[in-house]
Structures are given as C-alpha cells and as structure tokens.
Amino acid sequence: MAHRIRNFVLSLRSSVKDLLPVILVVAFFQLAVIRQPLPDHLDLEDLLTGLVFVIAGLTLFIKGLEMGLFPMGEGLAKAFVSRGSAPLLLTFGFCLGVGSTFAEPALLAVSGKAANAVAEAGLIATESIDIKRFQLSLRLVVAVAVGIAVVVGILRIIKGWPLHLLVIGLYSIALLLLVIAPPEIVGIAFDSGGVTTSTITVPLLTAVGVGLASTIQGRSPLLDGFGLIAFSSVMPIVFVLLFGIASFGYG
C-alpha cells in the first residue's frame with residue numbers, strides 16, 4: 001500500500017512539472033501583458049480549484065493508461081496473433097478503430113462546432129435535427145476512416161510495408177482532393193484528422209501496434225510497432241474531404 005501511495009505521489013509531482021510551463025505562460029500574460037482582473041464569472045478560488053482538478057485528472061489518466069489500456073491493448077494484439085487468424089485480427093483492428101474514435105470526446109466537441117458552423121454558413125438547414133444529423137455523419141465518417149487506417153496499419157506490420165511510402169501516398173491523395181473539395185470542408189477535414197489522435201485512440205492503437213510487432217517474428221517494436229497513429233491522422237482527412245464533396249459538391 002505504501003509503495004502505491006509513493007508511486008502516486010511521484011506521478012502527481014511529474015504532472016505538476018508537465019503542466020508548469022503552461023501555468024507560467026498563462027500567468028505571465030495575465031499579470032504582465034493583459035493586466036486585467038479575472039472575468040466576473042471566474043474568481044481565484046475557482047481557478048485554483050480547477051487547476052488542482054486538472055493536475056489530479058492528468059495523474060489519474062496517465063496511471064490508468066499504464067495500468068489498464070496499454071496492457072490490455074498489447075494483450076489483445078498478442079492473443080489474436082497467437083490464434084493465427086488474419087481476418088479476425090483485421091476485423092478486431094477495424095472495430096477497435098471505429099469504437100475508440102467514435103467515443104473520442106475531442107471528436108464529439110469538434111463535430112458539434114463544425115455542424116453549427118456549417119449550418120450558419122447555409123450549407124445545411126439550421127434546424128436542430130439537421131445539425132445533429134450532420135454531426136453524427138461526420139463522427140461516423142471519421143470513425144470508419146480510422147477503422148480502415150488501423151486495418152492498413154496492421155497489414156503494414158504483417159507485410160513489412162514501408163511506412164513512409166504509405167504516408168506519402170495518403171497525403172498526396174489528400175492534397176489532390178483539396179483541389180476539388182469545397183473550401184468550407186477543408187479546415188474541418190484537417191481538424192478531424194487531428195482530433196482522432198487524442199485521449200482514447202492513441203493509447204489503444206499504440207499498444208496494439210507495439211503488441212503486434214513484438215509478437216510477429218521478424219518485426220521490431222521500435223521500427224514496426226509505431227505508425228498506426230500516423231494513418232489514423234491522415235485517413236480521416238481523405239474521408240472527410242470525400243464526404244464534403246459528396247455532400248456539398250465540388251469546390
């Protein structure tokens with residue numbers, strides 16, 4: 001018990017060190033540049049309480065990754081490899097990518113903002129049901145894109161395909177789509193690619209990639225275990241651009 005408490009205190013100290021640069025930057029600009037009091041709805045007590053919550057939450061989140069998500073992801077990957085069924089492994093990877101991305105809080109927030117912005121721009125109706133439908137459609141498109149990205153990433157690990165060529169090819173497709181995609185969807189597409197690499201998706205996919213590479217003979221966890229996140233970033237860009245073209249026409 002004492003050992004666990006000591007480890008938690010060390011993790012808490014590490015979280016404080018990680019957040020300290022952000023705190024110092026915000027404090028400097030608030031006190032030395034802006035030189036204005038806090039907003040009426042925010043007092044110093046709330047600010048300090050929120051900061052404590054952030055530090056505690058970050059500490060618990062990182063500890064949870066170490067104790068739960070990373071071992072679970074690696075264990076599942078190794079279990080599927082030991083069964084020797086590539087279709088089952090690919091199906092698992094696709095479902096994992098779709099499920100983890102659809103549950104991403106960052107994607108939920110961005111898709112909601114995107115739906116409201118698209119409605120304000122007159123591209124969809126401003127009715128609540130139309131906004132929610134667009135938000136759901138965007139989340140599904142991004143989730144399916146990440147699922148396919150995980151499948152491609154797993155095949156890369158199994159087959160030993162070069163990572164850089166696949167990434168260059170996907171980004172080349174995205175750049176070509178920029179020429180014909182409606183301008184209103186371009187920023188949403190690139191932001192959708194960014195939010196997929198967030199709190200839930202990254203730990204699971206990283207653990208799966210390392211677990212696969214460490215289990216498959218001839219693969220290196222360092223050289224082959226990483227790269228799933230790269231596919232999960234660029235694939236949604238391509239899919240959301242295609243979604244924009246299908247929904248709003250050519251740019």
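Taken over segment 73-185, the alpha-carbon convex hull comes to 119 cubic angstrom per residue. Per-peptide packing, taken as the mean over residues of other Cβ atoms within 10 Å, places 149-159, 76-86, 9-19 in the sequence 149-159, 76-86, 9-19 from highest down.
The separation of segment 222-241 from segment 170-216, counted between C-alpha centres, amounts to 4 Å.
Calculated accessible area for the chain comes out at 56 Å² per residue, all protein chains present (probe 1.4 Å; ligands, DNA, RNA ignored). Taking every C-alpha pair closer than 8 Å and separated by at least 6 residues, the mean separation divided by the residue count of the chain gives a relative contact order of 24 percent.
Can you tell me how segment 53-131 classifies by the Cα gyration tensor, rounded, prolate or oblate, using a/c under 1.5 as the rounded cut? Oblate, since a/c reaches 1.5 and b/c is not below a/b. Each Lys or Arg adds one and each Asp or Glu takes one away; over the other residues whose Cβ falls under 14 Å from the Cβ of R139, this sums to +1. For the chain, the mean residue ellipticity at 222 nm estimated from helices alone is -26500 deg cm²/dmol, where every DSSP H run of n ≥ 4 contributes -39500 (n - 2.57) and the total is divided by all residues, rounded to the nearest 500. Going by a ≥ b ≥ c, the root eigenvalues of the Cα gyration tensor, does segment 1-118 fall in the rounded group (a/c under 1.5), the prolate group (a/b larger than b/c) or the oblate group? The shape class here is oblate. Available extension along the chain between E45 and S82 is 7.9 nm, counting 0.36 nm per residue and deducting the alpha carbon span.
Let me know the shape class of the chain, please: from the alpha-carbon gyration tensor, a ≥ b ≥ c as square roots of the eigenvalues, rounded when a/c is under 1.5, otherwise prolate if a/b is greater than b/c, or oblate. Here the chain falls in the oblate category. Of the solvent-accessible surface of the chain, computed with a 1.4 Å probe over protein heavy atoms with every protein chain present, carbon and sulfur atoms account for 70 percent.
The values are calculated or read from the model by the stated rules, or taken from the named source; none is laboratory data. The model shown is predicted, which means the values in this text are computed figures rather than measured ones. Ideal geometry is used to build each Cβ from the backbone, glycine not excepted, and the neighbour counts take in all protein chains shown. What goes into the accessible areas is simple: the full protein's heavy atoms, side chains included, and nothing from ligands, DNA or RNA. Shrake-Rupley method; radii C 1.70, N 1.55, O 1.52, S 1.80 Å.
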